[in-house]
Structures are given as C-alpha cells and as structure tokens.
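A quick write-up on the structure given underneath.
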Protein chains: 2
Amino acid sequence: MKAKFLSKMGQRTGVPPISWLMQTALTRPKLISLAAGFTDNSTLPVELSRKLLNDILRAPKVGQPALQYGVTAGTENLRQLTATHLQKLDGGHDRAHSPERVIITGGSQQLLYMTLEALCDEGDIVLVEDPTYFVFLSILQSRGIKARGVKLERDGIDLVHLEKILEQLKKSGELRRVKALYLVTYFQNPTGATTSLAKKSAALKLLKKYERAAGHPLYLLEDAAYRELRFDHGDDIPTALTLPGAERVIYTGTYSKPYAPGARLGFGILPEPIFTTVQRIKGNHDFGSANLLQQLLAGALASGLYDQHVAKVRKNYAKKAAVMKRALAEHFPASVEIWESGGGLYFWARLPKGISAGVKSKVFQAALKADVLYVPGELCYADDSSRKKPDNEMRISFGSASEENIRKGIARLGAVLRKFL
Amino acid sequence: MKAKFLSKMGQRTGVPPISWLMQTALTRPKLISLAAGFTDNSTLPVELSRKLLNDILRAPKVGQPALQYGVTAGTENLRQLTATHLQKLDGGHDRAHSPERVIITGGSQQLLYMTLEALCDEGDIVLVEDPTYFVFLSILQSRGIKARGVKLERDGIDLVHLEKILEQLKKSGELRRVKALYLVTYFQNPTGATTSLAKKSAALKLLKKYERAAGHPLYLLEDAAYRELRFDHGDDIPTALTLPGAERVIYTGTYSKPYAPGARLGFGILPEPIFTTVQRIKGNHDFGSANLLQQLLAGALASGLYDQHVAKVRKNYAKKAAVMKRALAEHFPASVEIWESGGGLYFWARLPKGISAGVKSKVFQAALKADVLYVPGELCYADDSSRKKPDNEMRISFGSASEENIRKGIARLGAVLRKFL
C-alpha cells in the first residue's frame with residue numbers, strides 16, 4: 001500500500017487503529033463492545049428530528065433554501081444560535097463568543113483537521129495530553145506533525161511537566177516549531193478527565209510566556225466535544241474563551257454527541273487570522289456543510305427542544321455510568337485503578353504496572369476470547385520518544401452498550417483480569 | 001492576513017474569487033445574477049425529501065441507525081445503489097463499477113480535495129482543461145500544486161496539445177511530477193463542453209504511453225458533476241470507467257446538482273491504492289458523511305423517485321436554456337461566439353479578441369452598473385506561464401435565475417456588449 005507515487009501524506013496515512021477493533025468486533029457476533037465511542041441508540045432524537053424536518057420541509061419557502069447551497073462558514077441562524085448557546089453555557093459571558101467567529105463544520109473532527117492544515121507544516125510540533133484522542137493523533141501522524149505528550153492528571157495536564165517541555169524545546173531550538181497545545185477539556189477521550197479552569201488559565205499563561213521565544217502565537221486548541229454530556233450535577237466549567245488571553249484560544253464543539261452523530265455537525269470559535277484561513281480552506285473542502293442539517297439543528301436550538309433532549313441524554317448516561325460503576329466495584333480486582341467520569345462516554349482503568357492491556361497482550365486476547373472488547377489505552381498515546389508508551393490501561397465505554405451488556409461485559413472483563421492479577 | 005506562523009498552505013490559501021462576486025451581488029439588490037452555479041430553487045425536492053425523511057424517521061429501527069455514526073466509506077446500501085445507478089447510466093457496463101470501490105463524500109468537492117491530498121505533494125503537476133472548474137484551481141493553488149492547461153475544444157481537450165505538453169514535460173524532466181489529468185467531462189463548468197468517448201479513450205492511451213517516462217501511474221480524474229443534467233435528448237456518453245485502461249480512472253460524481261445541494265453528498269469510484277488512501281484520509285477528515293443524508297439519498301434511489309425527480313429537473317433546465325438561447329440570439333451582437341450546452345447550468349460566451357470581459361474590464365464594470373453579473377472567464381484559467389490568460393470570455397448561468405430574469409439579464413448584458421463591440 002505504500003506506493004511511492006502517492007503524496008508523502010498519502011504514504012504516511014495509516015490504517016486507523018480503531019477500524020481494526022471494529023473489524024474484530026464484526027467477526028464475533030456475541031462480542032460485547034465496550035470499545036466504541038458511539039452514543040446510545042435509544043436516546044437518539046428520532047421523533048424530534050422528524051418533527052423538526054417536517055417543519056422545515058412543509059413549506060417551499062423554508063424548505064428550498066434548506067436544500068440549496070449555503071455559505072461556507074455556515075448559515076447565519078445556526079452561527080448565531082451556536083454563539084448564544086455557548087454564551088449560556090459560559091454563564092452569560094460573551095466577550096469571545098461572537099457569531100462572526102463561529103464556523104460550522106462536518107463534525108468537530110473537520111474543524112480539528114482544517115485547523116491543523118491552517119497552522120502546521122510537516123515537522124511542526126503540537127503538544128497533546130498524554131493520553132489523548134487517538135484520531136487527533138492520526139491527523140498529526142498523517143500530516144507529518146510531531147506530538148509531544150504532557151502528563152495528564154485527573155484535573156487536567158501536569159503544569160510542571162508542560163513548563164519543563166516548553167523549556168526543553170526552547171533550549172533545543174524546537175520551540176519555533178511548536179504551534180499549539182491540544183486539550184480535550186471535558187470528560188476527556190479516553191480518560192474521562194476534566195480540566196479545571198485554573199489549569200486552563202495557567203496553561204494559557206505558560207503558552208503566552210513562551211511566545212517571545214517561539215517567535216509567534218502559541219494557541220490553546222480546546223476540544224469540548226463531550227462538554228454537554230455532563231451528568232454528575234457538578235457545575236459546568238467555563239471555557240478558556242472566558243479567560244484573559246482568549247485571543248489565543250481555538251475552541252471546538254460538536255452537535256454529534258449531544259444531538260446526533262448522523263447529523264454530523266460541529267463548530268469552532270476561532271480568532272483571526274485562524275478564522276479567515278480555516279474558512280478559506282473549508283471553501284476548498286466543501287464550501288459549507290449540509291444546509292438541511294444546519295436548519296435541523298437551528299430548529300432544535302431555537303425551539304428549546306435541543307436543551308430538553310440533552311437533559312434526557314444526560315439522565316440516560318448518568319444511569320449507565322452508575323451501572324458501570326457498580327459492576328466495576330463488583331467484578332474488577334481492587335488493584336485496578338479506575339478513573340470514573342462525571343460525564344462523557346468513558347471510564348479509564350489502569351492495571352498494576354507491568355501488566356499489559358495492549359493490543360498484543362494476553363489480557364486483550366483473553367478478553368476477546370471471552371467476547372468483550374475495550375480500547376487498549378496505548379492507542380491513545382502519541383509517538384513521543386521522550387517516554388515509554390504506557391500499555392497497562394483501558395478505555396471502557398458505557399456509551400452504546402445496553403445496561404445489561406455493560407453488566408455482562410464488565411463481569412467478563414473482571415473475570416479475565418482476575419486471572420492475570 | 002499572510003501571518004508567517006500559519007502553515008505554508010494557510011498562507012497560500014487565498015480568497016475564493018467567487019466569494020468576491022457574491023459579495024458584489026449582495027450590495028446591489030436589483031442585480032440579476034447569471035453568475036451563481038446554484039441549482040434552481042423551484043425544482044428542489046422539498047416534498048419528496050419530506051416524504052423520504054418521514055419514512056426513515058417514522059420507526060426507531062430505521063431512524064436510530066440513520067442518526068448514528070456510520071462507516072467511513074459510506075453506508076452499504078448507498079454505496080451499492082450508487083454503483084448500480086452508474087452501471088445503468090453506463091448502459092449496463094459493470095466492470096469498473098463495484099460498490100467496494102465507491103466512497104461517499106461531502107459533495108464531490110471533498111472527493112476532489114482528498115484525491116489531491118492522496119496523490120500530490122507541493123510542486124507536483126496536474127494537467128487541467130483550459131479553462132476549468134475554478135474551485136479545483138483554488139485547491140491546487142492552496143496546496144502548491146502546479147497546473148498546466150490543455151486547450152479545450154467543444155468535444156473535449158485538444159489531444160495534439162495534450163501530447164505536446166506531455167512531450168515538453170518529458171524533455172524538461174518534469175514528467176515525474178505529473179500525477180493526473182483532470183477533466184470535467186459532461187457539460188463542463190465553465191464552458192458547457194462535453195468530452196466525447198473517443199477523446200476520453202485517446203487521453204487515457206496518451207497518459208499510459210507516458211507512464212514509463214513518468215515512472216508511475218498517470219491518472220485520469222474524471223469529474224462528472226453535471227452528467228445527470230443532460231437535457232438535449234442526446235445519448236449519455238459512457239464514462240472512462242468503461243474503457244480499457246479504466247484502472248487509471250478516478251471518477252467523481254455528485255448528488256448535489258441532480259438532487260439537492262443542501263443534502264451535500266457526492267461520491268467517487270476509485271482504483272487501488274487510491275481508494276484505500278482516500279478512505280483513510282476521510283477517516284481523519286470526518287470518519288464518514290452524515291448518515292441521515294445518506295439514508296435520504298438511498299431512499300430516493302431505491303424507490304425510483306430519484307429518477308423521476310431528475311427527469312423533472314432536466315425538463316426545467318431545458319426550458320430555461322431555451323429561454324437563454326432565444327435571448328442571446330435577440331440581444332447579443334453577432335460577433336460574440338456562443339457555446340450552447342446540451343446540459344448543465346452554463347453557456348459560454350467569447351467576445352472578439354482584444355475586448356476584455358475580465359474582472360477589471362470596462363465590460364464587467366458596465367454590466368455591474370446595468371445590474372447584471374456574470375463570471376469573468378479569466379477566473380477559470382490556471383496560472384500557467386506558457387500562455388497568456390484569455391480574458392474575453394464569460395460564463396453565463398441559467399441555473400438559478402428565473403425565466404424572466406434570464407430574459408432581462410441577457411437583454412441588459414446585450415445592451416452593454418453592443419456599446420463595446
């Protein structure tokens with residue numbers, strides 16, 4: 001497959017690790033997958049979407065523009081509603097939430113892709129959480145962008161480690177290749193960790209401090225994909241957009257997780273000159289995401305039915321997360337460290353040091369044989385020669401499995417682990 | 001805007017020329033736009049889409065998967081239906097139309113973008129029709145890919161010119177940088193020209209002949225975006241996929257033009273290793289286009305309602321093209337050469353040599369003042385230092401304007417031209 005006539009990028013772009021997991025799942029019909037990051041089928045807004053689409057398509061006057069081309073950055077109403085929605089989430093803060101800075105994309109994934117296109121050349125460096133969202137790592141790898149992992153704690157990255165890395169990069173002369181720090185700030189994929197506001201603020205300040213040495217802006221790329229899936233009754237944490245220094249914040253969010261992945265819309269709030277550059281790049285990608293879906297989301301948001309729906313979704317995940325928590329307490333050996341999450345779709349499990357849960361490990365093979373699948377944590381670590389990749393972790397999702405399958409799946413996985421621990 | 005910390009691509013990506021035209025249109029409320037490549041609002045399938053979406057979303061069993069994530073290459077049913085649809089268009093030919101080679105994308109634009117990502121590095125060369133689709137040129141420019149223009153005749157490219165260019169590139173040692181020949185083969189944007197099967201075949205053979213000197217495959221990238229908008233009662237011309245040598249053909253089509261731009265789906269039929277590479281790249285872009293829209297198109301195709309709809313659309317454009325033809329005969333000076341088209345959305349007008357219709361020309365300014373807008377043909381020519389860019393041409397669209405506005409718009413434009421000719 002490494003045909004030399006392909007572009008360098010074409011040759012570099014590898015098989016997504018997760019597709020191999022999915023393939024594996026397909027070959028074992030009785031398998032319970034705790035691997036997929038899918039949302040729960042049962043809470044998808046089928047009837048709500050039908051109602052809203054009927055409202056749009058009942059009259060030609062509304063229906064025709066929804067089926068026509070739109071504008072590259074997104075339809076005016078959805079950009080406005082998105083800005084207002086985020087202002088509300090951020091407690092009325094509106095400084096950095098202008099609709100003019102909103103761009104609507106094909107999932108937040110497309111926003112991440114285009115942002116990296118706008119900012120990074122081959123050989124540039126992006127700092128990431130260690131571990132982080134593996135498809136983001138795939139983009140970096142495909143585009144020849146280097147990643148440096150910053151240790152992740154339960155409340156966000158280790159700031160001392162971040163400063164150490166920045167200092168090292170300054171000394172080695174590589175700081176001028178650093179473009180951004182990528183943080184998945186709410187109920188992170190894969191660990192479920194949420195970054196505190198204090199850490200966001202400190203990270204922004206640290207980046208600012210090193211800008212002079214870098215010779216250019218150092219952006220905080222804040223990925224809030226799971227933000228609206230909070231279910232722990234804690235307060236929502238404001239985004240870095242609300243902080244001093246917000247002109248260096250690139251914020252991405254999505255309607256896929258809280259509303260529907262099949263409607264495939266996400267968004268970004270971008271500072272200049274990133275906004276204009278990404279907008280132009282999107283002009284070349286697709287000159288605008290599907291208008292019909294934008295009108296669907298606009299209808300949901302404007303009517304307040306979006307908020308009602310998200311409340312239902314959260315309740316459902318709260319219940320499923322509780323089921324998983326109980327099952328873990330019952331079936332997992334006590335020596336396994338569990339990171340529970342107050343939102344999102346994932347728990348994170350860390351086996352005692354020396355016990356591998358990696359793709360080629362005995363644990364993973366035994367789990368497969370017992371018909372239960374998880375995401376080996378090692379897939380979520382960047383290629384970064386400054387540390388060994390941990391391989392003793394698992395991402396376990398309660399997103400798409402039924403309550404019964406969560407119980408069964410965790411019981412199976414627990415039995416496997418008890419054999420090895 | 002050329003901030004040096006942006007990627008090379010970020011710095012290169014310019015304002016799309018058409019966005020400037022659109023802005024201009026907005027500032028003159030009485031302006032008649034014969035510039036936009038929009039489809040006709042009045043024929044958009046509003047009621048049909050409502051019916052089909054109700055069918056999908058009435059039952060959770062069908063509705064839930066439509067609102068869930070799908071598979072990167074597209075849903076199985078739409079890939080199958082797309083393959084069958086193309087087989088039918090190609091007179092039952094099925095050699096190269098396997099569903100396994102179909103990838104569903106966010107418009108055919110995304111397919112073009114990802115194909116160039118897979119094939120071309122900065123400095124590579126793509127041969128294009130002279131003139132060609134200007135957003136394709138924007139992608140090339142943005143990615144630092146060079147274009148060489150091949151003279152376009154009413155039945156496709158000038159083969160003698162193609163051979164001459166290939167020979168020149170061979171002699172200059174640049175042939176190893178050539179990756180593909182891009183042809184918009186049906187009712188081309190911007191000229192309306194359609195490539196004959198004989199020319200497709202000859203072009204494929206010529207590319208093959210130069211592969212040894214290039215040291216790698218030379219692909220024919222066939223863009224069939226306007227194929228289904230034929231209205232001249234002529235026979236559809238088979239694609240290059242039906243020809244010997246089809247293993248070098250990358251075919252792209254769209255559901256935007258025949259069905260609805262607001263549903264924003266296109267597709268490609270790709271040979272290996274392009275298919276696998278583009279699929280992986282799409283995994284990084286968005287891991288699959290919106291499932292709900294894929295099910296909408298699958299429903300339209302499977303029920304036969306798609307074909308019924310397209311027949312109606314063609315009838316409408318036939319009528320509007322006839323209105324434009326009559327108006328041109330009545331109002332345009334005889335010295336203007338008109339390329340009428342048997343399909344698509346565009347006519348092409350060539351003023352006598354020496355009379356500029358370019359963006360900064362007196363003709364364009366006078367047209368604007370008379371409240372009528374066209375696309376200056378010069379925007380559709382690649383930057384290619386081997387020839388001067390012609391500036392005496394206009395793309396005139398009958399796509400979105402009403403019959404009355406077509407008549408009025410052409411009358412206004414004719415009056416302007418009579419002043420200058």
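What's the center-to-center distance, using Cα atoms, between segment B:76-131 and segment A:95-148 in Å? Segment B:76-131 and segment A:95-148 have Cα centres spaced 27 Å from each other. Each peptide in B:261-268, A:344-351, B:209-216, A:310-317 receives the mean, over its residues, of other Cβ atoms within 10 Å, and ordering these scores from highest gives B:261-268, A:344-351, A:310-317, B:209-216. Looking at segment B:16-87, the trypsin sites (Lys or Arg not before Pro) that sit in a DSSP loop and have at most 11 other Cβ atoms within 10 Å of their own Cβ are B:30.
Distances between every pair of Cα atoms in the protein assembly as shown, grouped in 10 Å steps from 0 to the bin holding the largest one, split as 2, 13, 22, 25, 20, 11, 5, 1, 0, 0 percent. By DSSP, the beta bridges lying fully in the protein assembly as shown are antiparallel in about 50 percent of cases. Pairs exceeding 26 Å between alpha-carbon atoms, taken from B:208/B:389; A:325/A:388; A:200/A:353; A:151/A:200; A:208/A:353: B:208/B:389; A:325/A:388; A:200/A:353; A:208/A:353.
All C-alpha pair distances within segment B:291-421, sorted into 5 Å bins from zero, spread as 2, 10, 17, 19, 15, 11, 8, 7, 6, 4, 1 percent across the bins.
For residue B:221, the amide hydrogen comes within under 5 Å of the amide hydrogens of B:181, B:182, B:183, B:250, counting only partners 5 or more places away or on other chains and with H modelled in the peptide plane. Given +1 at the Cβ of Lys and Arg, -1 at the Cβ of Asp and Glu and no other charges, the dipole of chain A around its Cα centre is 1020 debye to the nearest 20.
With a 10 Å cut-off around each Cβ of B:289-296, the average count of Cβ atoms from other chains is 6.
Taking all Cα pairs closer than 8 Å and separated by 6 or more residues, the relative contact order of chain B comes to 23 percent.
Which percentage, to the nearest 5, of the DSSP beta bridges contained in segment A:69-306 is antiparallel? Counting only bridges with both partners in segment A:69-306, antiparallel ones make up about 35 percent.
Here r is the Cβ-Cβ distance between residue B:247 and residue A:28 and R0 is 41 Å; the resulting FRET efficiency, rounded to 0.05, is 0.70. GNM remark for chain B: springs join alpha carbons under 10 Å apart, and the peak mean-square fluctuation among B:48, B:78, B:137 falls on B:48. A straight Cα-to-Cα reach below 22 Å connects residue B:320 with the lysines A:61, B:30, B:257, B:312, B:408, residues fewer than 8 places away in its own chain not being considered. Cα gyration tensor of segment B:119-163, axes a ≥ b ≥ c as square roots of the eigenvalues: rounded (a/c below 1.5), prolate (a/b > b/c) or oblate? Since a/c reaches 1.5 but b/c is at least a/b, the shape of segment B:119-163 is classed as oblate.
If you run the Gaussian network model on chain B, springs between alpha carbon atoms under 10 Å, then out of B:189, B:54, B:392 the most flexible one is B:54.
Extension gain for residue A:98-residue A:71 works out to 8.0 nm (0.36 nm per residue, less the C-alpha to C-alpha distance). Taken over the alpha carbons of chain B as equal point scatterers, the Debye sum produces base-10 log I(q)/I(0) values at 0.06 Å⁻¹ of -0.24. The same position residue B:319 in the other copies lies at 5.4 nm from this copy, comparing label points 7 Å beyond Cα toward the beta-carbon, shortest first. Across identical copies of the chain, residue B:238 has label-point separations of 6.7 nm, listed in ascending order, with the point defined 7 angstrom from Cα along Cα→Cβ. Once the C-beta distance of residue A:316 and residue A:418 is scaled by a Förster radius of 25 Å, the resulting FRET efficiency is 0.25 to the nearest 0.05.
Summing charges over all other residues whose Cβ lies under 10 Å from the Cβ of residue B:248, with Lys and Arg as +1 and Asp and Glu as -1, gives -1. Ranked from shortest, the separations from the 7 Å Cα-to-Cβ label point of residue B:26 to its equivalents in the other copies are 4.4 nm.
Distance from the Cα centroid of segment A:248-297 to that of segment B:330-397 is 35 Å (rounded to whole angstrom). Restriction of the GluC sites (Glu not before Pro) in segment A:107-153 to DSSP coil positions whose beta-carbon has at most 15 other beta-carbons within 10 angstrom yields A:122.
Taking label positions 7 Å along the Cα-Cβ direction at both residue A:54 and residue A:155, the computed distance is 5.0 nm, reported to one decimal.
Counting charges near residue B:327 (Lys, Arg +1; Asp, Glu -1) among other residues having Cβ under 15 Å from its Cβ returns a value of +4.
Entry note, segment B:68-306: relative contact order of 29 percent, from Cα contacts under 8 Å with a spacing of 6+ residues. Neighbouring Cβ atoms from other chains, within 10 Å of the Cβ of residues in B:55-63, number 4 on average. The HN-Hα couplings worked out from phi for segment A:145-156 by the Karplus form 6.51 cos²θ - 1.76 cosθ + 1.60 (θ = phi - 60°) are 8, 8, 10, 10, x, 9, 3, 10, 10, 5, 10, x Hz, whole numbers, x standing for Gly and Pro. Other residues lying with their Cβ under 12 Å from the Cβ of residue A:409 contribute a combined charge of +2, Lys and Arg counting +1, Asp and Glu -1. Considering segment A:69-306, its Cα convex hull presents a mean projected area of 11.9 nm².
If you wrap the tightest convex hull around every Cα atom of segment A:1-85 and split its volume per residue, you get 235 Å³. On the basis of the beta-carbon distance and an R0 of 25 Å, residue A:197 and residue A:164 show a calculated FRET efficiency of 0.65. Computed from point charges on the beta carbon alone (+1 for Lys and Arg, -1 for Asp and Glu), the dipole magnitude for segment A:279-421 about its Cα centre is near 340 Debye.
For the protein assembly as shown, the mean residue ellipticity at 222 nm estimated from helices alone is -13500 deg cm²/dmol, where every DSSP H run of n ≥ 4 contributes -39500 (n - 2.57) and the total is divided by all residues, rounded to the nearest 500. Taking label positions 7 Å along the Cα-Cβ direction at both residue B:340 and residue B:403, the computed distance is 1.7 nm, reported to one decimal. Here's the picture: charge each Lys and Arg Cβ at +1 and each Asp and Glu Cβ at -1 in chain B, and of B:413, B:128, B:289 the one pushed furthest to the positive end of that dipole is B:413.
The numbers here are math on the coordinates, done by the rules we state, and not lab data. None of these values were measured; they are calculated from a predicted model. A quick note on method: Cβ atoms are made from the backbone with ideal geometry, for glycine too, and the neighbour counts reach across all protein chains shown.
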